[in-house]
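Okay, structure first, notes after.
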Amino acid sequence: MTKDNEGRKKEAKHATIARSIRDRTIAFFDGRPAREEPIGNEEINDLLIALNTCTSLEEFLCSV
């Protein structure tokens, strides 16, 4: 691989990262529909209930 080719690959990678940051997207998830909100209130309530009823971190992780 030539030095010039390596430079182009780095520039392309940096451009992809910059675009992802600007557009607030993750390249891996291209094609997926955008969420209305990151997580709904019902899911937050379910997590809070699980967090408050579990006796250990392992139990909590297994329950969600």
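Among the residues that make up the stretch 43-62, is at least one of them within 21 Å of the chain's Cα centre (by Cα), loosely packed, with under 10 Cβ neighbours inside 10 Å, modelled with pLDDT of 75 or more and of a type outside the set (Ser, Thr, Tyr)?
No, that holds for no residue.
Starting from the stretch 41-53, keep only residues that are closer than 11 Å to Val64 by Cβ, then list their pairs with residues that are basic (Lys, Arg) and surrounded by 11 or more Cβ atoms within 10 Å (Cβ to Cβ) whose Cβ atoms are within a distance under 7 Å, requiring at least 6 positions of separation or different chains.
No pair meets every condition.
The values are calculated or read from the model by the stated rules, or taken from the named source; none is laboratory data. The structure displayed is predicted, hence computed values, not measured ones. For neighbour counting, all protein chains shown are included, and Cβ atoms are generated from backbone atoms with ideal geometry for every residue, glycine included.
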